[in-house]
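One structure below.
The values are calculated or read from the model by the stated rules, or taken from the named source; none is laboratory data. Just so it is clear, the model here is predicted, and its values are computed rather than measured. Positions of Cβ are generated from backbone atoms using ideal geometry, with glycine treated the same way; all protein chains shown enter the neighbour counts.
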Amino acid sequence: MPIDPQVRGLLDQLEARGRTPLWELTPEESRQNFLAMSALATRPDPAAPTEDRVVPGPGGDVPVRIYRPDAAETLPVVVFAHGGGWVIGDLESHDGLCQHLAVGTPALVVAVDYRRAPEHRFPAALDDVEAVVRWVADQAGELGADATRLAVAGDSAGGNLAAAAARRARDAGGPAIAFQLLLYPVTDLTRSQPSYGENGDGYLLTAEDMRWFIDSYLGGADPTDPDASPLAAGDLAGLPPALVVTAEFDPLRDEGEAYATRLAAAGVDARTSRFDGMIHGFVSLDALLDGGRRGIAEAVAALRAALATG
């Protein structure tokens, strides 16, 4: 179907302002630009109280932000990895989305400020996310969370990290992950999926952006390493149930859908939800896009169903 009129209007506005390609900016300049755009996201009212802490990690302390909705019962817990191509994005850029997930589910959400590239190459970000998943499972009682209702979630590069962390947990025999919420995830770092050609220019995230992100992250590492490309893993059986959200006009569309298809073929309860007319990152643009609000509603509903008691 055609691109959504609200999306078209947004893209036209951004084009009129002009956009410096990411690879012409320093990582810090790219991070500041991304943070400014993230201000377009909304926060729920009321918002969940937050607490910033640090978690021991393999490369030093990992900053996290804990979202704690006002609820009398012990809450399920979601470890969230932010998007941004492993280079940009942080706790602030995804604060609105984490608020929505925490308040809407409701759940304790632990957002991970993992080490970013190019200062820290693959697999530093994944190692940090894995460390936080283990810490959350070990400290669930102190956190007021139910470790038997533990999910991983992430958008874009964060979806890549969530999927890889879930597979690492399976291979290590725990902690048990109850659900994966993967929002337009990166699953194939070879950049060979057809949607790269179909949607690689003109829809906010470009194929050249992804080339820069992946090169910055891998630093010459093998793009077919399953820790880098979850789609390359040989065995996906026994992984947690998953919802994979994709966008019609996204260069990452096909790899997200291919991953969900492979999960289902391996016997995993996995489904894809493609949002027609939408672009990469639409869920975080909920202040501007009706599709973003629908995406948040579907993500929250999936978490609520997967992490319900009984």
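The sole residue among ASP227, ASP201, ASP235 that is within 19 Å of the chain's Cα centre (by Cα) and either surrounded by fewer than 23 Cβ atoms within 10 Å (Cβ to Cβ) or polar (S, T, N, Q) (or both) is ASP227. Pairs meeting the criteria (first residue in the stretch 10-21 and in contact (Cβ under 8 Å) with a residue 24 or more places away in the chain, second residue surrounded by 10 or more Cβ atoms within 10 Å (Cβ to Cβ) and small (Gly, Ala, Ser), beta carbons under 9 Å, at least 6 apart or on different chains) are LEU11/GLY202.
To keep it simple, each residue is scored yes or no on (1) part of a helix (DSSP H, G or I); (2) closer than 24 Å to PRO76 by Cβ; (3) in contact (Cβ under 8 Å) with a residue 40 or more places away in the chain.
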site: THR246; (1), (2), (3): no, no, yes
site: VAL268; (1), (2), (3): no, yes, no
site: SER273; (1), (2), (3): no, yes, no
site: MET278; (1), (2), (3): no, no, yes
site: SER284; (1), (2), (3): yes, yes, yes
site: ALA287; (1), (2), (3): no, no, yes
site: GLY295; (1), (2), (3): yes, yes, yes
site: ALA299; (1), (2), (3): yes, yes, yes
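Considering (1) farther than 23 Å from PHE80 by Cα; (2) in contact with a His (Cβ under 7 Å, 6 or more places away or on another chain); (3) among the hydrophobic types (A, V, I, L, M, F, W, C), the lone condition that ALA247 does not fulfil carries the number (1).
Every residue, every condition in (1) within 25 Å of SER284 (Cα to Cα); (2) within 16 Å of the chain's Cα centre (by Cα); (3) crowded, with 20+ Cβ neighbours inside 10 Å, yes or no:
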site	(1), (2), (3)
GLY59	no, no, no
ILE66	yes, no, yes
ILE88	yes, yes, yes
LEU91	yes, yes, no
HIS100	yes, yes, yes
LEU126	yes, yes, yes
VAL132	yes, yes, yes
ASP146	no, no, no
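Evaluate the stretch 6-20: report whether one residue or more is in contact with a Gly (Cβ under 6 Å, 6 or more places away or on another chain) and either under 15 Å from ASP286 (Cα atoms) or surrounded by 11 or more Cβ atoms within 10 Å (Cβ to Cβ) (or both). No: zero hits. Where residues in the stretch 253-286 are surrounded by fewer than 23 Cβ atoms within 10 Å (Cβ to Cβ) and among the acidic types (Asp, Glu), which of them is farthest from THR42 (Cα to Cα)? Among them, the one singled out is ASP269. If the condition is being among the acidic types (Asp, Glu) and either touching a Gly at 6+ places or on another chain (Cβ under 6 Å) or within 14 Å of ALA48 (Cβ to Cβ) (or both), then the stretch 68-119 contributes ASP70, ASP95. Under the condition of being over 25 Å from GLY291 (Cα atoms) and part of a helix (DSSP H, G or I), the residues counted in the stretch 1-30 number 7. For the stretch 70-89, filtering for residues that are under 16 Å from ALA140 (Cα atoms) and at pLDDT 95 or above leaves 6.
Against the condition assigned to a helix (DSSP H, G or I) and either under 19 Å from the mean Cα position of the chain (by Cα) or buried (at least 23 other Cβ atoms within 10 Å of the Cβ) (or both), how does VAL186 come out, does it pass? For VAL186, the condition - assigned to a helix (DSSP H, G or I) and either under 19 Å from the mean Cα position of the chain (by Cα) or buried (at least 23 other Cβ atoms within 10 Å of the Cβ) (or both) - is not met. Checked against the criterion of being touching a strand residue (DSSP E or B) at 6+ places or on another chain (Cβ under 9 Å) and over 18 Å from ALA306 (Cβ atoms), the candidates LEU161, LEU189, LEU183 yield just one match: LEU161.
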